[in-house]
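Data block below; observations after.
The values are calculated or read from the model by the stated rules, or taken from the named source; none is laboratory data. Here the structure is a predicted model, which is why all the values come from computation and not from measurement. Cβ placement follows ideal geometry from the backbone for every residue including glycine, while neighbour counts extend to all protein chains displayed. For accessibility, only protein heavy atoms count, side chains too; no ligands or nucleic acids. Shrake-Rupley method; radii C 1.70, N 1.55, O 1.52, S 1.80 Å.
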Amino acid sequence: MHPFSWIKFFLDYDLVTHITTETNRYAHQHFNTHELAPHSRELNYKYVTSDEIWTYLGIVFMTGIDKRPEIEDYWSTRPLFHTPWYGQKMSLRRFQQISKFLHFADNDARPADCEDRLYKVRPIIDSLVGKFRNTYIPEKEIAIDEGMIAWKGRLIFRVYMPDKPDKYGIKAYLVCESTSGYIWNFEIYCGKSRPIKELVVDLLGPQLLDKGYHLYQDNYYNSVELCETLLQRNTYVCGTFRMDRGAPKELKNDVKKLKKGESVFSRKGQVLVQVWRDKRDVKLISTLHTAKIVESAKTNRKGEKICRPEVIGDYNKHMRGVDRADQMLHYYPCSRKTVKWTKKLVFFLLQMAALNSFILFKKYTTTEKYKKRNYKFKDFILDCVEKMTEQNKQCGEGEQSRNEVDDESIASDSSAVTPPPATLRRPPVKDPENRLEGGLKVHKMVHVPPSNNKKNGAMRK
């Protein structure tokens, strides 16, 4: 299968048809409510077709690879910039016209009592979330973390996160497969906080709960209460921890006495809370592990193996899913400076669709042409862009001027073809093996001194 066949699992004809319809509807509403000047270029505006939207999106993806300071530079005839490909696919004026009217929802259909701050992009979000979740079932290890969509303009739900490369922007909660970075689910933060337990349960949903998944997340989400709730749903948790999220008082007092390399832990049933002193206190929680101290592959300055809790090794290994996805998304960002946050957000979502398509392509493709060489994400995008822009008809064919279109003619696009349903499926994972050892009492305190001289760091009481 050609790479373009994989991206159509998510960026399908129904979605492109919807964008075409809403873009034409918004343009029609604009012309009916604005009086145009006699010399206005919009007098000759042509309503967009689905083929043009494919080409427009192909050019948008291409700008993520071919980065230039201004959008006009892509059509520049200066020898340093000149690239005939852009002008052959679409004129600069036409690209700017589509960008001006690009729309994703009907403003007039919005109910008066609608409080959804994402109404203008809700159809795109719902479409992609449904396809991400129904096309692929992730493997046993999954991770939840925040992603950031850069935005410095005025927006009621813009956030500031100093630890992120893009410190100002729109926050998204992502559920990713740890091994590949496949984005299985996401939720956009709209400025309205809700309980963490409710958020995590909603992100996992019935498709992942009660299946025995191993969930890795940081201290923003973890708590003893959440671990106990997920245990009841046959879901196991591992990650960092905040001591005010259910840790016993005895553990808090013993942490103050720790020296470097020492560890203390407490267990409540299957929930393990452990603190290990390195350069600072590392607080951990898990329903998967024991408090065993093991040797890592790293060594200190003296060449000695570093001993650390086994929770840390698994957490570092499987928490990379969101980071891997975020890294890939920042390689070729196609969003540009704009005054409309909706376009910034939708272009980011389309990048997520392209990334998920690439991950599935690499995992399941059987074509020797792509398996033999080191096929990269950039190559995947370029192959898709070629197919997306080939679908465009000759300039003017199939277009209608703004005076030839009524309200009913922009309601649908009969040229859309629905692709066959996705068949990529993975069986649900089984319950994990029981990794708990020993009969530790509830909240029994155990000090574990450094064990650099003992193989596997055997625990002492």
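Within straight-line reach of Lys387, meaning a Cα separation under 16 Å, sit the following aspartates and glutamates at least 8 residues removed in sequence or on another chain: Asp12, Asp51, Glu52, Asp379.
Amide H contacts of Gly261: Arg277, Asp278, each under 5 Å away and 5 or more positions distant or on a separate chain (H built 1.01 Å from N in the peptide plane; Pro and chain starts excluded). Checking the Cα-Cα distances for Lys8/Lys67; Lys8/Lys140; Lys167/Lys305 against a 31 Å cut-off, the pairs over it are Lys167/Lys305.
Using the Karplus relation 6.51 cos²θ - 1.76 cosθ + 1.60 with θ = phi - 60°, the per-residue 3J(HN,Hα) values for the stretch 160-174 come to 10, 10, x, 7, 8, x, 9, 6, 10, x, 9, 8, 10, 8, 10 Hz, with x marking Gly and Pro. Computing FRET efficiency as 1/(1 + (r/R0)^6) for His330 and Asp281, where r is the C-beta to C-beta distance and R0 is 35 Å, gives about 0.65.
Note on Asp116 and Asp14: the extension gain reaches 34.4 nm, defined as 0.36 nm multiplied by sequence separation minus the Cα-Cα distance. Of the beta bridges in the stretch 172-311, as assigned by DSSP with both residues counted there, near 85 percent are antiparallel. The alpha carbons of the stretch 243-378 occupy a box of 55, 42, 34 Å along the principal axes, longest dimension given first. Taken along the Cα-to-beta-carbon direction at a fixed 7 Å, the label points for Thr83 and Ile71 span 1.6 nm. Sites listed here are trypsin sites (Lys or Arg not before Pro) in the stretch 34-79 whose DSSP assignment is loop and whose Cβ has at most 13 other Cβ atoms within 10 Å: Lys67. The label point for Lys340 and the one for Arg154, both projected 7 Å from the Cα toward the Cβ, are 1.9 nm apart. Annotation: Met161 carries an accessible surface of approximately 40 Å², with a 1.4 Å probe and no ligand, DNA or RNA atoms counted.
Going by a ≥ b ≥ c, the root eigenvalues of the Cα gyration tensor, does the stretch 140-323 fall in the rounded group (a/c under 1.5), the prolate group (a/b larger than b/c) or the oblate group? Prolate is the answer for the stretch 140-323, as a/c is 1.5 or above and a/b outweighs b/c.
Using a Förster distance of 35 Å, how high is the FRET efficiency between Asn253 and Tyr220, based on the Cβ-Cβ distance and rounded to 0.05?
Working: r = 25 Å, r/R0 = 0.72.
Taking R0 as 35 Å, the efficiency between Asn253 and Tyr220 is 0.90.
Given the Cα-Cα distance of Tyr364 and Glu42 and 0.36 nm per residue of separation, how much length would full extension add, in nm?
On the way: separation 322, 0.36 × 322 = 115.92 nm, distance 4.66 nm.
Extra length from Tyr364 to Glu42 when fully extended: 111.3 nm.
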